[in-house]
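Handing you a structure now.
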């Protein structure tokens, strides 16, 4: 049986380290998005307790996004009130600069009450 060449082992290790680096960069962004999604869902579940003013509700969402270091702007938060309840949609993107590559990750957390 022929031994595996050292360059193949080194290349395999480099690929694994690349995947590890990528996961270390992307995981916090996705976890913060999940936290924002949970926050928005909780806001819509307690819709009767929320302020009647959309700007106050938008401010709470922007404050939470700011604490999570997410680049959410006021224009990214869409609030729709109807007889059926409250619907909140947040649409934003995060620019991730990787060595030799830049990617925009698009997120759409949202929730509605009935």
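Considering only residues that are under 25 Å from residue 69 (Cβ atoms) and either touching a residue at least 12 places away in the same chain (Cβ under 8 Å) or outside any helix (DSSP H, G or I) (or both), which ones fall in the stretch 1-29?
22, 25, 26, 29
While we're here: Restricting attention to the stretch 45-78, and to residues there that are closer than 15 Å to residue 109 by Cβ and over 18 Å from the mean Cα position of the chain (by Cα), which single residue is surrounded by the most Cβ atoms within 10 Å (Cβ to Cβ)?
Ranking the candidates gives 57 first.
Laboratory data are not the source of any read-out in this text; all were calculated from the coordinates shown. Everything quoted here is computed from the prediction, not taken from an experiment. Neighbour counts are summed over all protein chains in view; Cβ atoms, including those assigned to glycine, are modelled from backbone coordinates with ideal geometry.
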